[in-house]
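Inspection log for the structure reproduced underneath, given as structure tokens.
The values are calculated or read from the model by the stated rules, or taken from the named source; none is laboratory data. Since this is a predicted model, take the numbers as computed values, not measurements. All Cβ positions, even for glycine, are placed from backbone atoms using ideal geometry, and neighbour counts span all protein chains on display.
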Amino acid sequence: MTVVRALARPLLSALFVVQGAKAIRDPEPHVAKAKPVADRLVPLMKRVAPAQVGDRIPESTANLVRLNGAAQVIGGLALASGKGRRLGAVLLAGSLVPTTLAGHSFWQESDKAVRSAQKVQFMKNLGIMGGLLLAAVDTEGQPGLAWRATHSAKVAKRETKRSAKLAKRETKQFAKAARREVKLAAASAKAELPFT
């Protein structure tokens, strides 16, 4: 791991660990802002999710805030420690969506100063999400699964072509050798025939 990665990952995840722990301990300050988003999101998630998962989605906004906080703590620790860092970054990016929609809905503000401040916070969260998405696809210089799959397909195609050419060449050589053998056998048979 490079020095930049060793510094960047804990720096990126520190806010999530602290804020997530705070939300788990005391969700009430976030409940009022989260309620409109939760009221829209929970029925949608219950409709889309399989029955086993949908039944376990909490209906209480306070519990949803706690769940989001737990996702932030787990994702933040995974990203900071490097153990499951890519999955942790995806978890953090996913937890940031409802947090941003609930906490920084600038389009609903009528006061220009508040609207401007919320817009800045909204854009800041988008920037953090961009960093998390980069962390999610960071393979530390190792080829990712998509590259490996594409590379394997190209190698297989190249080997198939090479094998086909080799088989064609060998078939031609075999046919040529067979024709030569037939000619030699015919010449030998002709030579052995008695003259009449």
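Summed over segment 62-91, the residues that are more than 17 Å from Ala8 (Cα to Cα) and touching an Asp or Glu at 6+ places or on another chain (Cβ under 8 Å) give a count of 1.
Among the residues of segment 29-69, write down those that are among the aliphatic types (A, V, I, L, M), under 17 Å from Ala102 (Cα atoms), exposed (fewer than 13 other Cβ atoms within 10 Å of the Cβ) and within 27 Å of the chain's Cα centre (by Cα). Give the derivation first.
Keep residues of segment 29-69 that are among the aliphatic types (A, V, I, L, M), which gives 31-32, 34, 37-38, 41-42, 44-45, 48-49, 51, 53, 57, 62, 64-65, 67.
Add one more test, that the residue is under 17 Å from Ala102 (Cα atoms), and what stays is 31-32, 34, 37-38, 41-42, 44-45, 62, 64-65, 67.
Narrowing further to those that are exposed (fewer than 13 other Cβ atoms within 10 Å of the Cβ): 32, 44.
Within segment 29-69, Leu44 is the sole residue that qualifies.
Per-residue answers, yes or no, for (1) in contact with a helix residue (DSSP H, G or I) (Cβ under 7 Å, 6 or more places away or on another chain); (2) part of a helix (DSSP H, G or I); (3) surrounded by 11 or more Cβ atoms within 10 Å (Cβ to Cβ):
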{"site": "Lys124", "(1), (2), (3)": "no, yes, yes"}
{"site": "Ala135", "(1), (2), (3)": "yes, yes, yes"}
{"site": "Gln142", "(1), (2), (3)": "no, no, no"}
{"site": "Val155", "(1), (2), (3)": "no, yes, no"}
{"site": "Thr160", "(1), (2), (3)": "no, yes, no"}
{"site": "Arg179", "(1), (2), (3)": "no, yes, no"}
{"site": "Lys183", "(1), (2), (3)": "no, yes, no"}
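Among residues of segment 105-124 that are closer than 22 Å to Ala38 by Cβ, those with a Cβ under 7 angstrom from a residue that is basic (Lys, Arg) and surrounded by 13 or more Cβ atoms within 10 Å (Cβ to Cβ), sequence gap 6+ or separate chain, pair up as Phe106/Arg115; Phe106/Lys119; Glu109/Arg115.
Looking only at helices (runs of 4 or more DSSP H) that fall completely inside segment 1-94, which ones have 2 or more residues that are over 30 Å from Thr139 (Cβ atoms) and at pLDDT 90 or above? Write out each step before concluding.
On the way: elements: 3-25, 28-48, 51-54, 61-81.
In segment 1-94, the matching helices (runs of 4 or more DSSP H) lie at 3-25, 28-48, 61-81.
Scanning segment 59-115 for residues that are touching a Lys or Arg at 6+ places or on another chain (Cβ under 6 Å) and more than 23 Å from Ala6 (Cα to Cα) gives Thr61, Ala102, Gly103, Phe106, Glu109.
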